[in-house]
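Notes follow the structure.
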Amino acid sequence: MTLRVFYVAVVLAALGSCSSTPDGPPRAQDDICAIFAERPTWRNAAQKAALRWNTPVELKMAIIWRESSFRAAVRPPRRYALGIVPLGRPSSALGYAQAIDGTWDWYQDETGQSSADRTEFADAVDFVGWYVAKTERVNSVGRYDAFNHYLAYHEGHAGHRRGGWQQKSWLKRAASQVAEQTARYRGQLSRCPV
């Protein structure tokens, strides 16, 4: 009997270690130094994307913070008719960057990253860097204009140009949150230990 209890304890310990994967969201999401201390590979990926796309680390991190709260496999919630009949999800958004299928395919085609995965942080932060760089070129949004970058990220380049977001107070609030988080992260980055 004690040998069986021992085996059960070993199996439960192994399963417990699997459930606390490093893929869960970081604990202190408002502190970029704490995020990078907890996830050093994220710092490397964010810096690599910053160099590749000439885009600010803090902006990419703030967009991911807003889109997924740093959760790898998050999707929009399912919709239901009458509270019980499943209607599916409002979009195909998935992963850290909440990239939709078509935009993710565009990124993969344009960058040659055919094996990129929306649930992998390095791929997601590179995607956000690519999108921000494209927004800077296509929509003439300044590199550090977090408010308008988020609007273009959410609405698409054409949607941002059309300006329909101006009637969406909830979206303007979200863009303001991204701008505030970007500024917070920017201020923190200078004090992060190397």
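In table form, for the structure just shown:
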read-out	value
Residue-level accessible surface for LEU87, protein heavy atoms, 1.4 Å, Å²	100
Under 5 Å, built H, 5+ apart or other chain: amide partners of ALA99	LEU94
Sequence of HIS149, HIS160 from largest to smallest accessible area, 1.4 Å probe	HIS160, HIS149
Charged-residue dipole, Cβ positions (Lys, Arg, Asp, Glu), the stretch 26-95 about Cα centre, Debye nearest 20	320
Reciprocal of mean inverse Cα separation for the stretch 88-194 (Kirkwood radius, Å)	14.9
All lysines inside 16 Å of LYS60 as judged from Cα atoms, apart from same-chain residues fewer than 8 positions distant	LYS48, LYS134
As computed over the stretch 96-154, the Cα convex hull volume per residue (Å³)	79
Protein-only accessible surface order, largest first, of SER92, SER190, SER68 at 1.4 Å	SER190, SER92, SER68
Rg/Rh (Cα only; Kirkwood hydrodynamic radius) as it applies to the stretch 146-194	1.14
Estimated translational D of the chain in µm²/s (Stokes, Kirkwood radius over Cα pairs; 4 °C; 1.567 mPa s)	71
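The values are calculated or read from the model by the stated rules, or taken from the named source; none is laboratory data. Here the structure is a predicted model, which means the values were calculated and not measured. Every residue, glycine as well, gets a Cβ built from its backbone with ideal geometry; the counts of neighbours run over all protein chains shown. The area values use the complete protein model at the heavy-atom level, side chains included, leaving out ligands, DNA and RNA. Shrake-Rupley method; radii C 1.70, N 1.55, O 1.52, S 1.80 Å.
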